[in-house]
Each structure stands twice: as C-alpha cells, then as structure tokens.
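The structure appears right after this line, and notes come after that.
The values are calculated or read from the model by the stated rules, or taken from the named source; none is laboratory data. Quick caveat: nothing in here was measured; it's all calculated off a predicted structure. Glycine gets a Cβ as well: all are built from the backbone with ideal geometry, and neighbour counts include every protein chain shown. The area values use the complete protein model at the heavy-atom level, side chains included, leaving out ligands, DNA and RNA. Shrake-Rupley method; radii C 1.70, N 1.55, O 1.52, S 1.80 Å.
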Amino acid sequence: MNQVLAEQIGISESDYVLDAGCGLGGSAIWLAENCGARVLGITLSEKQVEYATRFAEKRGVADRVRFQAADFCKVPLEDERFDVVWGLESSCYAIRKQSFIQEAYRLLRKGGRMVIADGLAKRTQFTRKEWKVILICLNGWAVPNLATPKQMETHLQNTGFNEIAYRDISSYTLPSSRRMYRTALANYPLQRISRLLGLRTEVQNANYLTGLYQYQLMKSGISGYGMFSGVK
C-alpha cells in the first residue's frame, strides 16, 4: 500500500511529507528508505511517538524522519509547509472528514499533493441487523464514522483541491479482510475462554469482534476501501 500511494502522487527525495496519523511510523520510515523523502509523522499518542522515534533510529533514517504528538485536524504549524500530506488509514478517525482535508490543504504548498487510502461506506441505508454489525466494527476500531466516496470527493472539491482522482481498491484488500476473519474464527474458543476468565480487556474483546465481523461488511458491499489523491 505504501508503494501504491507513493507512486500515485510521485513522491521523491525533494518532498517534505506530513504523515497525518502516523501510528508507529511504518509509512514514514518506508518513505524515507524507499523515496528519500523527509517526513514529519504526527499522532495523538505520545507513546507512539516514542516507539516510532526508536524505530526510525534503528532503521537509520532518524536524520530524515521525526515524530511529534499533534491533532491532524489542528496541526500547530504554519501554512504551506509540506509538499505532500499522506493519510493512510487515518482519515477514518476524524469525526468530521472535511476538517482533516481542510487542514491538509492549509499545510500544503501550492502544487502540493494529498493522498488518502481508507475504509469507506458504500451506502448509507441499512437494516437493523446490518447497523448492529456496523456499530460493532466502528466501536471495535474506535472509528466514529465512515464517509462515502461521494462525500470524500465533495469535501476535496469544496476545499479547493484539483486533479481529484478516486480508485476503488476493495478487491485488493478483501483477501486481507478474509484472512483476518478466518484468524478470528480459528481463535474463537481461546477468545471465549479468555473472556470468561477475565484475561482480556473490553478493548481487546471489542477489537476481536471487529476482526470477526469486518469481513461481513466488505463482502456484502456495505463498506469498501478506496484511494483518493488531489493537488492544491
């Protein structure tokens, strides 16, 4: 996925990239190693900043990659600082997706590019049974909501992005979703025993249920996976 996104917007060693929602720094480190780019990764978690910094040092790219704790909807940096804003499976955590996109636009230099890859809702009307499964998955991954492709495209257009491109890559991510489901299913007896014995937290239990049910959402076409890019 890192390679697909990097090729989509042509990231090179001359680019300064904001990895918005960097997690443990995997993409930021990959971009430094494979594209030669300079990267600032931001995450809400101080602990993730600590781990990501150690990983960058271990991989020998600490001179090109750094991390800090910040909200990607309200970054404490001046306007037009980056050539690229990168959002790999992070925009889903924004309560208002437009806030994330507007902040990315503010931080990009003229001609800068934005790329997003994330889970998306493929429809907005659901049965009670479907909605129950949707809530299990959203809560298990701490995701407030999913936007539709049309909503994301509208946000990008209204914010001012040009050359907007969308690609539905659900078929490429479905095998991973299926593997996650099968793994969760195989571990069901252990999960049930661990829960009864109080050996797992509520967060772990919720995450397990998401692994079990997320494939159902993708297979039935309720949710999917897509990639957006745009230019300021």
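Kindly indicate the residue of the range 35-46 that is part of a loop (DSSP other than H, G, I, E, B) and without any contact (Cβ under 8 Å) to a residue 40 or more places away in the chain and also nearest to residue 110 (Cα to Cα) among those meeting that condition.
Checking each candidate, the answer is 36.
Which members of the range 37-84 meet the condition of being open to solvent by 20 Å² or more (accessible area, probe 1.4 Å) and among the hydroxyl-bearing types (Ser, Thr, Tyr)?
45, 51, 53
Mind counting the residues in the range 202-232 that are part of a helix (DSSP H, G or I) and not basic (Lys, Arg)?
Adding up the residues that qualify gives 17.
Starting from the range 188-207, keep only residues that are under 16 Å from residue 136 (Cβ atoms), then list their pairs with residues that are open to solvent by 100 Å² or more (accessible area, probe 1.4 Å) whose Cβ atoms are within a distance under 6 Å, requiring at least 6 positions of separation or different chains.
Going by the 6 Å Cβ cut-off, the qualifying pairs are 205/195; 206/139.
Here are 144, 175: which of them is under 16 Å from the mean Cα position of the chain (by Cα) and farther than 21 Å from residue 111 by Cβ?
144
May I ask you to say which residue of 56, 32 is touching a helix residue (DSSP H, G or I) at 6+ places or on another chain (Cβ under 6 Å) and part of a helix (DSSP H, G or I)?
56
Could you look through the range 11-28, keep only residues that are touching a strand residue (DSSP E or B) at 6+ places or on another chain (Cβ under 8 Å) and either part of a loop (DSSP other than H, G, I, E, B) or at positive phi (or both), and pick out the one that is surrounded by the fewest Cβ atoms within 10 Å (Cβ to Cβ)?
Among residues in the range 11-28 that are touching a strand residue (DSSP E or B) at 6+ places or on another chain (Cβ under 8 Å) and either part of a loop (DSSP other than H, G, I, E, B) or at positive phi (or both), the one surrounded by the fewest Cβ atoms within 10 Å (Cβ to Cβ) is 14.
Quick check, is residue 87 outside any loop (DSSP other than H, G, I, E, B) and open to solvent by less than 50 Å² (accessible area, probe 1.4 Å)?
Yes.
Grab the helices (runs of 4 or more DSSP H) fully contained in the range 138-201, keeping just those with 2 or more residues being open to solvent by 60 Å² or more (accessible area, probe 1.4 Å) and either in contact with a Pro (Cβ under 7 Å, 6 or more places away or on another chain) or of a type in the set (A, V, I, L, M, F, W, C) (or both).
Where helices (runs of 4 or more DSSP H) fall fully within the range 138-201 and carry at least 2 residues being open to solvent by 60 Å² or more (accessible area, probe 1.4 Å) and either in contact with a Pro (Cβ under 7 Å, 6 or more places away or on another chain) or of a type in the set (A, V, I, L, M, F, W, C) (or both), they are 170-186, 188-196.
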